[in-house]
Amino acid sequence: MAPFDPAAPAVPGANAPVLLDLTIDNITPNTIRINSQSANARLTYLMSRLVTHLHDFARETRLSTDEWMAAITFLIGCGQISNEVRNEFILLSDVLGLSLLVDNINHPKPPKGTEGSVLGPFHTHDAPVLPNGSTMTSDPAGEPMLAICTVTDTHGAPIEGVRIDIWETDSSGHYDVQHADREEPSERCVMVSDAQGRFWFQGLKPVSYPIPHDGPVGKLLQQLSRHCWRPAHVHFMFNKDGWDRLITALYLRGDPYETSDAVFGVKQSLVIDLDKVDKESAEKYRVKEGIWLLKHDFVLTTQEDTEKLRDKLATEALAKLGLRMKLVDHLPVPDLD
């Protein structure tokens with residue numbers, strides 16, 4: 001039992017705003033009023049806008065009871081199929097374009113910075129840290145690929161000590177966590193950039209693959225007459241204190257799904273061509289001549305520069321909407337002063 005608080009009201013909720021006789025027209029302001037008792041201005045603002053748009057959606061579409069119940073059943077299904085290696089809600093966010101939108105808002109890039117892409121539902125935290133030149137795949141059926149990359153700042157200076165998560169599918173188009181007999185990580189690793197900002201590894205030429213389509217999200221795509229395929233790509237995540245975290249991917253040019261990615265991850269600056277390893281590179285990196293070669297230079301931006309750009313873009317966007325807002329910890333809240 002909670003300890004007695006003499007400052008608490010005698011009746012729980014006794015100080016709550018009095019609700020009016022509720023109708024289609026006044027349910028929204030009444031809901032906002034009773035949700036506006038928190039001392040957290042950002043939470044109050046988020047809930048106000050969520051309720052406003054959600055109620056307007058129901059009024060605009062004249063949402064039926066059956067459709068409302070179908071949506072609830074859909075969300076329950078997303079929760080039921082999710083587990084520690086599969087997050088159906090992230091997948092839902094991806095196919096609705098929300099994941100990319102949120103990343104673009106929170107991690108804007110200057111012209112020279114490498115653009116972000118979607119994280120996807122299959123990143124894990126158990127990838128081994130491997131030294132440069134290591135092989136991160138155990139799949140003998142895939143086409144071998146050498147990746148040679150650099151990490152620099154927007155002025156071209158190398159960044160040492162960046163932690164880089166790397167992950168991709170195997171040759172069958174499945175991530176390791178999708179295999180029931182998975183015993184250890186495969187087709188994924190963590191590398192650290194050297195003093196010249198370099199990292200290199202051996203993986204597989206990426207292949208196109210379908211996102212998980214045996215659950216609620218897959219059924220939704222079917223009803224929308226959308227395909228469930230992603231173009232061939234390799235995921236990267238860059239982390240170092242003082243630098244804005246970069247979640248991105250590189251996509252193979254010419255893939256049949258390059259222009260219709262099911263989760264909206266492709267950006268033209270992230271589309272690349274593969275080459276073949278020549279004799280000199282084969283000897284230098286101790287790989288077979290003629291295997292696939294991926295070369296790319298990644299450009300990070302500082303945390304400070306990203307926050308300044310984010311604030312600038314937020315202020316401009318809010319002004320265009322005619323909203324009187326101020327930024328608190330880089331997030332907008334109503335300016336009531």
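Each of 251, 45 has its accessible area taken with a 1.4 Å probe; listed largest first, they run 45, 251.
Is the C-alpha gyration tensor of the stretch 174-313 telling us rounded, prolate or oblate? Criteria: a/c under 1.5 is rounded; beyond that, a/b larger than b/c is prolate, otherwise oblate. It comes out oblate by the Cα gyration axes. With a Förster radius of 45 Å applied to the beta-carbon distance between residue 40 and residue 66, the computed FRET efficiency rounds to 0.80.
Note on surface exposure: 69, 191 rank 69, 191 by accessible area, highest first, 1.4 Å probe. A 1.4 Å probe, protein heavy atoms only, puts the accessible area of residue 68 near 130 Å². Entry note, the chain: the mean residue ellipticity at 222 nm calculated from DSSP H runs of n ≥ 4, each adding -39500 (n - 2.57), is -9000 deg cm²/dmol after division by the residues and rounding to the nearest 500. Near the amide H of residue 246, within less than 5 Å, lie the amide hydrogens of 238, all on another chain or at least 5 residues away, with H placed in the peptide plane.
Compare the peptides 178-189, 293-304, 316-327 by average per-residue count of other Cβ atoms within 10 angstrom and give them in order, highest first.
293-304, 178-189, 316-327
Plainly put, the stretch 1-153 has a radius of gyration that is 1.12 times its Kirkwood radius, both from alpha-carbon atoms, as the Rg/Rh ratio. Taking the Kirkwood radius as Rh and the Cα radius of gyration as Rg, the chain has a ratio of Rg/Rh equal to 1.05. Taking 4 °C and 1.567 mPa s as conditions, the stretch 32-72 diffuses translationally at an estimated 113 µm²/s according to Stokes-Einstein applied to its Kirkwood radius (Cα pairs). Start at zero, step by 5 Å, and the Cα-Cα distances of the stretch 61-133 spread as 3, 12, 15, 15, 16, 15, 11, 6, 4, 2, 1, 1 percent across the bins.
Normalised by the number of residues in the chain, the average gap of Cα pairs under 8 Å and 6 or more apart makes the relative contact order 18 percent. Label reach from residue 317 (point 7 Å along Cα→C-beta): in the stretch 109-134, amide nitrogens under 15 Å belong to 109-110, 116.
The values are calculated or read from the model by the stated rules, or taken from the named source; none is laboratory data. Small disclaimer: the values here were computed from a predicted structure and weren't measured. Cβ coordinates were reconstructed from backbone atoms using ideal geometry, including for glycine residues, and neighbour counts include every protein chain displayed. Accessible surface is based on the protein model in full, side chains and every heavy atom, while ligands, DNA and RNA are left aside. Shrake-Rupley method; radii C 1.70, N 1.55, O 1.52, S 1.80 Å.
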